Structures are given as C-alpha cells and as structure tokens.
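Asks: This is the structure, below, for whatever I ask next.
Every read-out reported here was derived from the displayed coordinates using simple, explicitly stated rules and does not represent laboratory data. Here the structure is a predicted model, which means the values were calculated and not measured. Quick reminder, even Gly has a Cβ in these numbers, built from the backbone with ideal geometry, and neighbours come from all protein chains shown.
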Amino acid sequence: MKLHYIPNIITIIRIILIIPIVWALLHNAYKLALGLFMIAALSDALDGFLARYFSWKSWLGSVLDPIADKLLMVICFILLGWQDHIAWWLVILALSRDLIIIAGAGSYHLLFGRYAMKPNLISKFNTFLQMLLVWLVILSLAFLHLPPLLFDSLEYAIAFTAIVSIILYFWAGIKMLKKQLHLSQKK
C-alpha cells in the first residue's frame, strides 16, 4: 500500500462508520453513538491533516471527503429530527441547502464540465455548527441534559448561516455562468 492512500482509506472508514452510528441512534445507544461520532469527527481532522501536511491530496479524496461529511451529517440530522431531537424545519432547511448546492454544481458540470468545488467560509462554518449541534444533542442524550436555549440558539445560527451560504453560492453560480457565457461569446 502506498502511503498517499492513507487519507482516502481513513475517509472510507468514516463512511463505513455511518452504519454503526445509525444503528446506535436507532436503538437509543447514545453513548455508543457519541463515541462513534467522535471517532468519525477525529478521522475527518486526521485525513485532512495528512493530506495537507504530506501533500497526499488527490482528486478522489477531494470528492470522497465532502461526501463522507455530508452523508454523516444528513443521516444524523434526519435521524435526530425523526426522533424529535432537532427541529424538523431545520432538518428541511439543511437538506434543501445541500440539494440546492448539489443541483447547482451538477448543472454547471453538465453544461460546462468539471470544476474544483471550493466551499466558502460561511458554508464551512455552517457545517461546523451542524456537527456541533449533532454532537451536543447526542452528548445531551448520552450523559447530561443541556439547556434548551443552547439548542435553540444553535439551530437559529445554523439556519442563518445556511440561508447566507445559499445566497453566496447562488451569487457565485451567477458569476460563473456569466464568465462562461462571456467566454463562449468570444469564440
């Protein structure tokens, strides 16, 4: 095995970890879910560090890593929403945001070809807040009950950053479309 494959292998393990996390959440085994979620979160940090520090970046890794993150977050959001631990309106907003981004990226890819996806800062912050919310919800269910105000505040912060990121991606998409149309007119 070549060492530069290690970040991708870690990412694949993170994707596989989703299965026991789902099982644990469905069976109210919140301590197990919390431990597995923490391993998944740490593996995300580890594969990113290895890819950057050792220059083990790859196209496959640039695709797999966000897929692993999104799968984990979407599944946890849906399950915790279904169990009434996260507000349904937030689950719908978060899923809608992801679908809008995927639809925009897919449309661009179909019309103009492949490009490197670069999440904006507000989008990264939104993902961080989503992960924090999931972690705190599971932590609260597993060990200690945190105040509802904390969850309400986080949910509104996630909603705000989701809406702002949708607007920014929409604006970036318009700029990219204008650039492509301008280039095609020059030909």
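Asks: Just for the Cα atoms in the range 117-187, what are the lengths along the principal axes, largest first, rounded to whole Å?
Replies: Rounded to whole Å, the extents work out to 63, 18, 13 Å.
Asks: Another question, if that's okay. Could you pull the Cα extents of the range 3-186 along its three principal axes, largest to smallest, in whole Å?
Replies: Taking the Cα atoms of the range 3-186, the three principal extents are 62, 42, 24 Å.
Asks: Here's a follow-up. Based on other C-beta atoms within 10 Å, arrange TYR5, TYR53 from fewest to most.
Replies: Working: TYR5 14, TYR53 8.
Ranking TYR5, TYR53 by Cβ neighbours within 10 Å, fewest first, gives TYR53, TYR5.
Asks: Still on this model: Of PHE125, LEU146, VAL74, which is farthest along the charge dipole of the range 3-186 in the positive direction, counting Lys and Arg as +1 and Asp and Glu as -1 at C-beta?
Replies: Toward the positive end, the furthest listed residue is PHE125.
Asks: What is the sum of charges, Lys and Arg at +1 and Asp and Glu at -1, for the other residues whose Cβ falls under 14 Å from the Cβ of VAL137? List each step's numbers first, then the result.
Replies: Working: positive: LYS31; negative: ASP84, ASP152, GLU155.
Local charge sum for VAL137: -2.
Asks: Report, please, the projected area of the range 1-106 averaged over directions, based on the convex hull of its C-alpha atoms, in nm². It would help to have the intermediate numbers written out before the result.
Replies: On the way: hull surface 29.6 nm².
With every direction weighted equally, the projected area is 7.4 nm².
Asks: Ordered by residue, what ³J(HN,Hα) values in Hz, to whole numbers, does the range 147-153 give under the Karplus form 6.51 cos²θ - 1.76 cosθ + 1.60, where θ = phi - 60° and Gly and Pro are x?
Replies: x, x, 4, 4, 5, 4, 4
Asks: So what's the gap between the Cα centers of the range 149-174 and the range 32-103, to the nearest angstrom?
Replies: Value for the Cα centre distance between the two parts: 16 Å.
Asks: Related question: Can you give the local net charge around PRO148? Use residues other than it whose beta-carbon is closer than 15 angstrom to its beta-carbon, Lys and Arg +1, Asp and Glu -1.
Replies: Details: positive: none; negative: ASP84, ASP152, GLU155.
Charge balance in the 15 Å sphere: -3.
Asks: Another question, then. Rounded to whole Hz and in sequence order, give me ³J(HN,Hα) for the range 52-58 from the Karplus expression 6.51 cos²θ - 1.76 cosθ + 1.60, θ = phi - 60°, writing x for Gly and Pro.
Replies: 6, 5, 9, 6, 9, 6, 8
Asks: From the phi angles alone, apply the Karplus equation (6.51, -1.76, 1.60; θ = phi - 60°) to the range 10-21 and give each ³J(HN,Hα) in whole Hz, x where the residue is Gly or Pro.
Replies: 4, 5, 5, 4, 4, 5, 5, 4, 4, 4, x, 5
Asks: Is any residue of the range 1-30 close enough, with backbone N under 20 Å, to a label point placed 7 angstrom from the Cα of LEU136 along the Cα-Cβ axis, and if so, which?
Replies: Correct set: 30.
Asks: Under the definition of Cα pairs under 8 Å and six or more residues apart, what whole-number percent is the relative contact order of the chain? The partial results should precede the final answer.
Replies: On the way: 134 pairs, mean separation 47.1, N = 187.
Over the chain, the number comes to 25 percent.
Asks: Quick check: net charge around TRP59, other residues with Cβ under 15 Å of its Cβ, Lys/Arg +1 and Asp/Glu -1? Spell out each step's value before the answer.
Replies: Numbers: positive: LYS57, ARG114, LYS118; negative: ASP47, ASP65.
Surrounding charge for TRP59 is +1.
Asks: Follow-up question, since we're still on this one. Using the Cα centre as the reference, give the magnitude of the dipole from point charges on the C-beta atoms of the range 3-186 (Lys, Arg: +1; Asp, Glu: -1; all else neutral), rounded to the nearest 20 debye. Can you show the working numbers first?
Replies: Numbers: 13 positive and 8 negative charges, 180 e Å.
Roughly 860 debye, rounded to the nearest 20.
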